[in-house]
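Taking it in order: structure first as structure tokens, then the write-up.
The values are calculated or read from the model by the stated rules, or taken from the named source; none is laboratory data. Predicted model only: the values in this text are computed from it and were never measured. For neighbour counting, all protein chains shown are included, and Cβ atoms are generated from backbone atoms with ideal geometry for every residue, glycine included. Remember, those area values only see protein heavy atoms, side chains included, never the ligands or the DNA or RNA. Shrake-Rupley method; radii C 1.70, N 1.55, O 1.52, S 1.80 Å.
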Amino acid sequence: MTVDEPTLVVAAVILDGRRVLAAQRAEPPELAGGWEFPGGKVDEGESEHAALIRECREELGVEIAVGARVGGEWELSAGYVMHAYLASLSVGEPVAKEHLALRWLEPEEYFAVNWLGADLPVMAAVADLLAQD
Ligand SMILES: Nc1nc2c([nH]c(=O)n2[C@H]2C[C@H](O)[C@@H](COP(=O)(O)OP(=O)(O)OP(=O)(O)O)O2)c(=O)[nH]1
């Protein structure tokens, strides 16, 4: 019996000091309106770093520098897992090309948006990391 590998999604936790960039999904209908970290599926043969850079270009129109991984495997819906990475902007200001909206969250706002189920624990892990700095 073969077991299918889960589809890998990478997400960028873009920081500006202690501010965190959150993006509001436009689709599909069951996720629209929820907030997430920019990113997407890793293509066949593509590295996780390359996928993060490509997705941030496509979705936000920016170049990023990818930093440390946050946690391990974050479970999404069946068949999907997510790897999250800290990142910073190297060129440009984010524009919502595919999202409904973008928000820079100050520390007191980290939990003020309606994070998707998988993203809430990632935000909590990032909040812990940033509180230690
Ligand atoms: N990008 C992203 N996707 C997330 C997060 N949390 C979460 O549950 N997801 C889910 C939503 C989607 O079902 C899946 C990623 O799909 P996506 O639509 O962002 O990926 P993609 O850009 O490669 O999509 P596609 O156009 O090829 O379908 O993971 C998150 O923080 N970032």
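Structure summary
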item: Solvent-accessible area per residue for region 42-81 (1.4 angstrom probe, square angstrom); result: 54 Å²
item: For the chain, convex hull of alpha carbons as volume per residue, Å³; result: 111 Å³
item: Pairwise label distance in nanometres, Glu48 with Ala78, each label 7 Å out on the Cα-Cβ vector; result: 2.5 nm
item: Fraction of accessible area attributable to carbon and sulfur, the chain (%, probe 1.4 Å); result: 51 percent
item: Set of region 95-127 residues, backbone N closer than 20 Å to the point 7 Å along the Cα-Cβ line of Asp133; result: 103-113, 120-127
item: Region 51-116, dipole about Cα centre (Lys/Arg Cβ +1, Asp/Glu Cβ -1), debye to the nearest 20; result: 160 debye
item: Rounded to 5, the percent of DSSP beta bridges in the chain classed as antiparallel; result: 65 percent
item: Kirkwood Rh, angstrom, region 77-121 [1 / mean 1/r, Cα pairs]; result: 13.3 Å
item: Positive minus negative residues near Gly61 (Lys, Arg vs Asp, Glu; Cβ under 11 Å); result: -3
item: Rg followed by Dmax, in Å, when region 1-62 is reduced to its Cα trace; result: 13.6, 48
